[in-house]
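All remarks here apply to the structure that follows.
The values are calculated or read from the model by the stated rules, or taken from the named source; none is laboratory data. As the structure is a computational prediction, the values presented were derived from the model and not from experiment. Cβ atoms come from the backbone with ideal geometry, glycine included; neighbour counts cover every protein chain shown.
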Amino acid sequence: MKTAAIVSCLALLCGCAPYVMVGGKYTAGPENFEVDLPQGWRKHELRFDQHPASRVMLEELNKRRDPAGDIVRLTRDGLLLQQIIIGRTGIDKELPHTKRKLSKGMLPQEVAEVIIDNIRSNPNISNQNVLENSPARLSGYTGFKLIYSYQTKEGLRIKGACYGAVVGDWYYYVLYEAPERYYFTKDYQVFEQVKDTFKILKADTT
Amino acid sequence: MSMPIKNRIGLAFLILLALNACATTSLSPFGKEGLLSLEEDEKRLWIRSEEEQKKLHNSGYLYEDSALLSFISNVTERLIPEEIKGRVSIQTRVIKNPHVNAFTFPNGRIYIHTGFLAKMENEAQLATVLAHEMTHFINRHTIQQVRRVRGTASFLGTLQVIAAPAGVYGLAPLLLGAVGVMAAVSGYSKELETEADRVGFDLLVKAGYDPAEAVKLIEHVQKHAEEEKIEEPFLFGSHPYLQDRKGNYVQLLQSEYGGKGGDKGAERFTRMIHPILLDNAAMDLSMGRFNSAKDAIDRFLQNEPGSAKGHYYLGEFHRKRGQESDAQTAEKLYLLAVQHDPSYADPHKGLGLLYLKWGQKEKARESLERYLSFAPHAEDKAYIEQYLQEIANR
């Protein structure tokens, strides 16, 4: 509580807000990628978001999917309404819900199977459906594309799209989630454009 | 817009409570002194159960195999006590779910998961579970449980802590309501469960089954859960629940049923359960429950050593587990599967994927093309075509 208050005060003093307007090239050097962020969208800064209401919302979102590898989280109207997420996770790291593991040299279809099982095994959501599982390229690397849907504990149906690929020792992903009704379709093209600009900087970053 | 499952469960419990006009919690079992009629609140509970069952039956999660259902129906029939035989309807259905569980609705509809059947070794073990579940129906445990907890703080507390399993193999896809949740997850009071053990044990022995198999089943399920570090989300797979059942069964065996032998029905059971083993193993493999899958595949191959499908799934087990030398073992098993049935598509894919990883382009191309020729409409056709394209481009 004390830490949260201090961070909030510091954030205010520094002029740091939990959301920052974005647009244009974004480079995440340590995480080995760059991407063009869409105009008019906001990047969520987790470390500056100490508001109790935000905490509740983030806890809810984190139950739907593990945010451990997330590096960029974007939204236009609010995280509950749509979010584009870019991230990567080490392939030696266990995924939160599935007992299956990623490994170097896995074929895209095999990686997709593990990611699907991780979604299907999540006990916090239900009625998971994989609507599309197909080969795709991410930053020129062979990978997969998933379209899926699920239901939250509150009964809201969420639809998601995920491009993923294992490159070197990392699993990279560009993901989009929004309520199935209205919101998913609304910003899907923006997500596709973001995905098209996503570029892994070096092939092997082991 | 559909109501969230948590709200539906809560609402259904409140309805159950509101329906509850009678104060008596102790009820005579069906058949005692000719009793077969229902009390008013019980009738409503049955109607509620039928509604839940309709949803369950439309969920696509029922395992429809007429030979297996007929076999389970015969075991169920054999256990029904004489005084109610032909006068009540007790039916058992199978749910496609790799988790260990079985549960009963108050109207005598018993459901058992494929994951539980796959862990059993014989008919006596199946009969143990059916007899226990059947007792919940005959002795009217659901309505007793509902009346017992009516209006108590502890009941509301129980509602709060029910961890209804979600996920693809959880409760939500089965669309179970309050009655189903109570039967499948929260269970009955310790006293009623003990009664189900005792009366069920008696039904088991009267039907001529070997009661020693009851303890073996519980030990087998416990061992499996410990070995694979599985936390089963349902009642019948949970450690404290199993421990209680084991304690009661051991006590019954050591006292009034000591020395009783009986029918195990291992051969009959093995024959009937055969198709479930691979179907359930496929679910276990997709969830990374490798030991459980391997156990079922081994049992399948023991009974059908020349099965191409059995060898393919054993190959899949090795390829997906991915430990040292697993890939080489997988190759041998896929080749064996092809030997048993050259036109079976899946092992060709398995081989193609292995060769692709090993950089053996020509062999990969041959195997993957063969896979597509035998399965031209395969779900993963796009992936295979992409692999073939990459091979051609290299």
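At-a-glance table
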read-out	value
Residue identified as touching a Cys at 6+ places or on another chain (Cβ under 8 Å) and either buried (at least 22 other Cβ atoms within 10 Å of the Cβ) or modelled with pLDDT of 90 or more (or both) among A:85, A:125, A:115	A:115
Residue within region B:370-378 that is under 26 Å from residue A:91 (Cβ atoms) and within 12 Å of chain A (Cβ to nearest Cβ) present	no
Any hit, region B:298-310, residues being of a type in the set (Asp, Glu) and away from chain A (no Cβ under 14 Å)	yes
Options A:134, A:103: the member that is within 15 Å of residue A:172 (Cα to Cα), within 7 Å of another protein chain (Cβ to nearest Cβ) and surrounded by fewer than 21 Cβ atoms within 10 Å (Cβ to Cβ)	A:103
Any hit, region B:238-254, residues being in contact with a Leu (Cβ under 6 Å, 6 or more places away or on another chain), buried (at least 22 other Cβ atoms within 10 Å of the Cβ) and either acidic (Asp, Glu) or in a helix (DSSP H, G or I) (or both)	no
Every pair of residues 6+ apart whose Cβ atoms lie under 6 Å, when the first sits in region A:46-71 and is of a type in the set (A, V, I, L, M, F, W, C) while the second is at pLDDT below 80 and assigned to a helix (DSSP H, G or I)	A:48/A:11
Search result, residues across region B:354-381 that are hydrophobic (A, V, I, L, M, F, W, C) and within 32 Å of the chain's Cα centre (by Cα)	B:375, B:378
Residue in region A:108-123 that is touching a residue at least 24 places away in the same chain (Cβ under 8 Å), farther than 21 Å from residue B:97 by Cα and more than 9 Å from every other protein chain (Cβ to nearest Cβ) present	yes
Filtered residues of region A:42-59 (kept if among the hydrophobic types (A, V, I, L, M, F, W, C) and within 15 Å of the chain's Cα centre (by Cα))	A:46, A:58
Top-ranked residue of region A:146-156 - restricted to ones that are under 18 Å from residue A:188 (Cα atoms) and either of a type in the set (Ser, Thr, Tyr) or facing chain B (nearest Cβ under 10 Å) (or both), ranked as surrounded by the fewest Cβ atoms within 10 Å (Cβ to Cβ)	A:149
Only listed residue being within 17 Å of residue A:34 (Cα to Cα), out of contact with any Asp or Glu (no Cβ under 7 Å at 6 or more places or on another chain) and away from chain B (no Cβ under 14 Å), chosen from A:163, A:188	A:163
Region A:79-100, residues that are of a type in the set (D, E, K, R) and either in contact with a strand residue (DSSP E or B) (Cβ under 6 Å, 6 or more places away or on another chain) or facing chain B (nearest Cβ under 9 Å) (or both)	A:88, A:99, A:100
Residue B:327 being among the hydrophobic types (A, V, I, L, M, F, W, C) and more than 14 Å from chain A (Cβ to nearest Cβ)	no
Those residues of region A:161-183 which are surrounded by 21 or more Cβ atoms within 10 Å (Cβ to Cβ) and without any contact (Cβ under 8 Å) to a residue 60 or more places away in the chain, in sequence order	A:161, A:162, A:163, A:164, A:165, A:167
Only listed residue being within 14 Å of chain B (Cβ to nearest Cβ), surrounded by fewer than 19 Cβ atoms within 10 Å (Cβ to Cβ) and basic (Lys, Arg), chosen from A:55, A:76, A:64	A:64
Enumerated helices (runs of 4 or more DSSP H) restricted to region B:285-376, each holding at least 2 residues that are in contact with a Phe, Trp or Tyr (Cβ under 8 Å, 6 or more places away or on another chain) and under 26 Å from residue B:222 (Cα atoms)	B:290-303, B:308-321
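The rows are residues; the columns are (1) under 26 Å from residue B:283 (Cβ atoms); (2) modelled with pLDDT under 95.
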residue: B:322; (1), (2): yes, yes
residue: B:342; (1), (2): no, no
residue: B:353; (1), (2): yes, no
residue: B:368; (1), (2): yes, no
